[in-house]
Amino acid sequence: MTERKSRKLTIAKSMAEALGEAMDADERVFVMGEDIGKLGGAFGNTAGLYDRFGGTRVRDTPISETGFIGAAVGAAACGMRPVVELMFVDFFGVCMDAIYNLAAKNAYFSGGNQPIPMVIMSAIGGGYGDAGQHSQTLYGTFAHLPGMKVVAPSNAYDAKGLMHAAIKDDNPVIYLFHKALHGLAWLGTTPDSITHTPTDAYEVPIGKAAVLREGTDVTIVGLSWPVHLALAAAEDLAGEGVSAEVIDLRSLVPLDKECILNSVRKTGRLVVVDDDYQSFGVTGEIIALVSSEAFGWLKSAPQRVAHPDIPIPFARPMEQFALPSKDKIIASVRATLST
């Protein structure tokens with residue numbers, strides 16, 4: 001059996017492998033964050049790196065997101081390429097000044113003379129009863145603010161390739177990994193996120209979407225965990241004679257507009273699936289894009305599946321009710337096919 005068919009990793013392991021390869025290749029790359037040293041990170045993203053590279057390049061930090069995100073901005077401005085773990089994306093509020101007013105704007109303020117090449121990796125997603133301060137997704141929040149790139153892989157192959165691309169990018173990159181896909185036993189993992197991952201270093205281009213399933217009747221667009229819900233919905237819909245095309249955006253910024261538009265021009269129908277809040281977010285942006293640039297190809301009104309505009313509930317039945325699901329996607333596809 002060839003390596004291409006046999007070597008499967010979780011997203012957690014693929015991220016750690018990419019970080020190790022990048023640190024081997026470039027001494028400017030280092031990692032910092034809470035519990036990322038001997039522990040290997042709360043989510044295993046830095047497992048084994050402390051033993052290989054030591055505490056100088058794998059730096060445990062105090063519990064001060066404001067402090068260590070700010071330190072990473074300074075390091076990047078001085079020529080280093082830091083990778084920082086913000087343990088949960090929900091914690092962005094205490095360090096948003098460093099992220100947006102410093103990292104994201106500095107290249108613009110300096111006329112392009114002072115880039116900030118840093119990566120912020122952070123966990124997203126609910127479903128575990130972690131309530132409103134440890135369960136959000138929020139990639140739409142970062143995508144709304146100019147100056148940063150935003151990526152969210154759905155599988156281990158993309159996770160490794162996007163990490164390499166993010167580290168080499170001269171812009172700050174927000175790298176978001178979903179807990180439902182990560183590969184840790186205590187979280188549970190969507191099996192299809194565990195994919196073949198080459199041993200060599202490689203890049204997945206930031207801003208390039210992937211068509212994971214071709215179809216002719218409706219386009220379903222998502223990224224990260226919702227992609228797997230979309231694929232499951234497409235499989236069930238095929239039993240009803242509905243041919244659904246599934247697009248994994250992989251990146252929000254830059255957004256692969258042409259991939260979306262080309263698909264909708266073919267199918268004439270659109271469903272956008274998002275694990276972020278519905279209002280002012282990814283679903284509305286993509287529907288607006290299609291409505292303005294492919295309106296003549298639309299056969300019915302686009303539909304969207306997203307988290308309602310409420311804090312994520314702690315109670316499991318309420319949380320599950322709020323999350324996107326395969327059944328919600330199927331209902332939305334049926335709705336767009338009915339008109």
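Coordinate-derived values only; no laboratory data. What you are looking at is a predicted structure, and each value in this text was computed from that prediction instead of being measured. Because the Cβ atoms are built from the backbone with ideal geometry, glycine has one as well, and the counts that use them run over all protein chains shown.
In the elastic network of the chain, a GNM with C-alpha springs shorter than 10 Å, the most mobile of ALA201, ALA98, ALA123 is ALA201. Where both bridge residues fall in the chain, DSSP classifies roughly 15% of the beta bridges as antiparallel. Of the chymotrypsin sites (Phe, Trp or Tyr not before Pro) found in segment 142-236, those in coil by DSSP whose Cβ has at most 15 other Cβ atoms within 10 Å are TRP186, TYR202.
You can think of it this way: the chain between ARG316 and ALA331 has 3.2 nm of extra reach, that is 0.36 nm per residue less the Cα-Cα gap. Of the residues GLY44, GLY70, GLY112, the one that moves most in a GNM of the chain with alpha-carbon contacts below 10 Å is GLY112.
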